[in-house]
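Please read the structure below before turning to the comments.
The values are calculated or read from the model by the stated rules, or taken from the named source; none is laboratory data. As the structure is a prediction and not an experimental result, all values here were calculated from the model. Please note: Cβ atoms are built from the backbone with ideal geometry, for glycine as well, and neighbour counts cover all protein chains shown.
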Amino acid sequence: MYKLTVPFKTALMSMIVALLCSSALAVGPVFWEITKQDDVIKGDARGVSIAENGTIMLAPAFSLVYDTKEAYIWSSATDAAGNIFLGTGHEGRIFKVTPGGEGRLFYDAAELDVTAMTTDPQGNLYAGTSPNGKIYKINPDGKESVFYDPPDKYIWSLAFDSASSTLYAGTGDKGVIYKIDAAGKASVLVDTNETNIVSLALDKSGNLLAGTDPSGLVLRVSPAGKLFALFDSPTQEIHRLSVAADGSIYALGVSPQGGAAAGRFPSIGTSSVTSLSTEGVVTISTGDDQEDRATQPIELSSAPSQGQSRSKTEGARSVLFRILPDGGSDVLWRSNDTVGFGLKPLADGRVLIGTGSKGRIYQVGSDRSRTLLIQSPEDQTSTIIAVGDNLYATSSNLGRLYRIGRDSVTEGTYVSPVRDTKFAGQWGVITWRGAGNIELKTRSGNTESPDPTWSDWSAAYRNASGDQITSPRARFIQWRAVLQGAQSGPAAAERVSKTALSSSAQLQSVVVAYLPRNQAPDISSVSVMAPGVALQEMPMAIDPSIVSSGLDPQLFGIAINVPPRRFFQKGARTLNWQASDPNDDTLTYKVFYRTLGESQWHLLADALSQTYYTIDGNRLPDGTYLFKVAASDEPSNTRETALADEQVTDAVEIDNTPPAIKVTGPTIVAQTAEILFDATDATSRIVRGEYSVDGGAWQLIFPVDGIADSAHESFKVKVKFDKPGEHLIAFRCADSSSNVGSAKVTATVR
């Protein structure tokens, strides 16, 4: 009885595409798998390392050596005897830790923070304090003196050149580097146009390297004060500098707000208010009340930028750059969500980076592999130092000293990020791939973060091939893995992370299966297009081999969401709707109709995959109708669990009959004719009237009452002729369903 406007072949092709695309949607069980490093590091790692391929292993031992009881450790240094010095804040204290691990308060400065330290071959400690700080010299016996009191507000960095017995000091907030001889006599080595000299190091040729803020430059300064910009980074601040045995320079750049050029603040002709945040990052606010100061021109080098792709650092908060001896550079490590603080290259080519995200220490291997090596119990790992063959890390929040062991721990725990299943459903099994002694547990709850309302951890799962999850049904779920190594001793006698990488307990991936509770689809809106507008599916050529293989056509670059073609079809009424499914189920649609006075719905179209339907109005009697669109998720569910939603349109007029026109007249007076056209429509409103004289252009005319808004309208046409004879007056009017009625009359002027 009812004819679809979509050609059969096009409809068949649409059904094929819909079936192929359904394989890409969430149908049946969901398998939550954690295997990539980017996903794994979102969890909590205690005593485990996370390799670049996402494998979880036992980490190197990380043991507490000394607790300063202070909040922050800003700086650290070692002497030839193996002592470790810790500069803290905000009490301005220095602690000394002996090779045996015994610590004590070594010096209590008057300033708030000890922001820089270094030692000389004689065991003297040089300590720079901030703000309004001084450089103190403290001999091995603890006797102190003010070595130099610069006019600058901050002392950010110190470096001692043993060959010339010269101490270099990098300061802020004017970006001056001082050269201080053994007697404490100081001179300005170079006055840069930067605000802060955050880091200092010496290269193999005796040149001084300086990392700056806010332009993120690596400057090279000769002993005579010749300044050269060795590297222009896209970060705000070069927080650490270190020189490798082959002459390569490692530069740890940070941008506290993230993004390349995040901290490009003007520094010439501006005043700066600079402070040290709890993250250990320099913060600058600028003004315009400082007099211009003479600065030495910086000669920029274009060579490093040729080897550095800035796109690699877009949006990064921390970047580890390696500047090669030939002037090229590359990016070894980056992070978008944490600030790097500590930097320590090792003799075998590996580099350790301490960060402010759970105090995590990352390792970049000589093969450029990137590993989360250790997660500290503290919030930040501020510095990493070596004493002989031993490695140490300092922390902030709380200020403590830890030893990084050569052997792996005997047990480590990893807790996954929380999974939002959206809808409480049925748990399946938990499976994993790995080796060694591993057990997993799960817990679940209905709050976004685990709290006392969550279930306890389940009994241990030990079957890697699949154990049924026993946690209560809930919206959120989380799993925990416990890795255990050999109880009798270390797994190997390798250095630092090599032990973790060779540990027998390894977890490569975990899969949690669950079946979400089915949710009803949602038809958010149904609209009716203007009369006469029809939609037709655009045909698509699809290789039959793709159809038979069951693969998604999108894999082959075939667009499946091609908008339908619009065309005119007399009497057509097109329904267009928006629908979605919370489970991403495949939906099918039905269209029903009934007249305004009926109560029973009649099926008009079934098994539609597209979200529109064109009604051939010629197949329905004139009248006012309601249309109902019903959506079902049955293609993705059993009949017992399938759900549906429906939406009813406003009243829709189906009108294929033009208005009837009754002509009265003409009444002719002299050379003027007056004709009355009465237009009546049984279903729709009269919306427009026009007339034409002797085949001329159609001219708009309003009804007698001034507005076309009802099913009956009267139009009075008054025409004055310029010559006698017979004249043809034509009239036409349209209803709201675009049907047009017409009439004509002949007027004879004598």
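Within segment 171-219, considering only strands (runs of 3 or more DSSP E) that don't extend past its boundaries, which have at least 3 residues that are within 22 Å of Gln236 (Cα to Cα)?
Here the list reads 196-202, 208-213.
Here are the criteria: (1) modelled with pLDDT under 95; (2) touching a Lys or Arg at 6+ places or on another chain (Cβ under 7 Å). Tell me which single one Val415 does not satisfy.
For Val415, the failing item is (1).
What residue, among those in segment 586-608 that are within 18 Å of Glu653 (Cβ to Cβ) and free of Cβ contacts under 8 Å to residues at least 40 places away in the same chain, is surrounded by the fewest Cβ atoms within 10 Å (Cβ to Cβ)?
Gly597
Starting from residues that are without any contact (Cβ under 8 Å) to a residue 40 or more places away in the chain and either in contact with a Cys (Cβ under 7 Å, 6 or more places away or on another chain) or surrounded by 16 or more Cβ atoms within 10 Å (Cβ to Cβ) (or both), keep the ones in segment 196-232 and report whichever is nearest to Val331 (Cα to Cα).
The selected residue is Thr212.
Please find, within segment 464-487, the residue that is surrounded by the fewest Cβ atoms within 10 Å (Cβ to Cβ) out of those that are within 28 Å of Ala61 (Cα to Cα) and among the polar types (S, T, N, Q).
Gln487
Name the residue that is surrounded by the fewest Cβ atoms within 10 Å (Cβ to Cβ), counting only residues in segment 109-128 that are of a type in the set (Gly, Ala, Ser) and part of a strand (DSSP E or B).
Looking at the filtered set, the residue picked out is Ala116.
Restricting attention to segment 233-255, and to residues there that are assigned to a strand (DSSP E or B) and more than 27 Å from the chain's Cα centre (by Cα), which single residue is surrounded by the most Cβ atoms within 10 Å (Cβ to Cβ)?
Arg240
Out of the residues in segment 349-408 that are of a type in the set (Ser, Thr, Tyr) and farther than 17 Å from Thr68 by Cα, which is surrounded by the most Cβ atoms within 10 Å (Cβ to Cβ)?
Filtering segment 349-408 for residues that are of a type in the set (Ser, Thr, Tyr) and farther than 17 Å from Thr68 by Cα, the one surrounded by the most Cβ atoms within 10 Å (Cβ to Cβ) comes out as Ser408.
State whether the residues of segment 182-189 include one that is in contact with a strand residue (DSSP E or B) (Cβ under 8 Å, 6 or more places away or on another chain), under 28 Å from Val254 (Cβ atoms) and surrounded by fewer than 20 Cβ atoms within 10 Å (Cβ to Cβ).
Checked against the condition, which is being in contact with a strand residue (DSSP E or B) (Cβ under 8 Å, 6 or more places away or on another chain), under 28 Å from Val254 (Cβ atoms) and surrounded by fewer than 20 Cβ atoms within 10 Å (Cβ to Cβ), segment 182-189 yields at least one hit.
Checking Pro658 against (1) at pLDDT 90 or above; (2) surrounded by 14 or more Cβ atoms within 10 Å (Cβ to Cβ); (3) not in a loop (DSSP other than H, G, I, E, B), only one condition comes out false. Which one?
(3)
Starting from residues that are of a type outside the set (D, E, K, R) and assigned to a loop (DSSP other than H, G, I, E, B), keep the ones in segment 715-750 and report whichever is nearest to Leu676 (Cα to Cα).
The residue in question is Phe721.
Take the residues in segment 33-49 that are of a type in the set (Val, Ile, Thr) and outside any strand (DSSP E or B); name whichever of them is surrounded by the fewest Cβ atoms within 10 Å (Cβ to Cβ).
Thr35
From the list Val663, Val693, Val652, exactly one residue is surrounded by 13 or more Cβ atoms within 10 Å (Cβ to Cβ), touching a residue at least 60 places away in the same chain (Cβ under 8 Å) and over 30 Å from Ser525 (Cβ atoms). Which is it?
Val663
Are any residues in segment 50-108 part of a strand (DSSP E or B) and within 30 Å of Gly436 (Cβ to Cβ), and if so, which ones?
Result: Ile50, Ile56, Met57, Leu58, Pro60, Ala61, Phe62, Ser63, Leu64, Val65.
Say whether the condition of being surrounded by 16 or more Cβ atoms within 10 Å (Cβ to Cβ) and either at pLDDT 50 or above or part of a strand (DSSP E or B) (or both) is met by at least one residue in segment 262-269.
Among the residues of segment 262-269, not one is surrounded by 16 or more Cβ atoms within 10 Å (Cβ to Cβ) and either at pLDDT 50 or above or part of a strand (DSSP E or B) (or both), which makes the answer no.
Could you figure out which of (1) in a strand (DSSP E or B); (2) over 27 Å from Gln519 (Cβ atoms) isn't true of Ala708?
Among (1) in a strand (DSSP E or B); (2) over 27 Å from Gln519 (Cβ atoms), Ala708 violates only (1).
Counting just the residues of segment 409-423 that are out of contact with any strand residue (DSSP E or B) (no Cβ under 7 Å at 6 or more places or on another chain) and not hydrophobic (A, V, I, L, M, F, W, C), which one comes out nearest to Ala71 (Cα to Cα)?
By that ranking, first place goes to Pro417.
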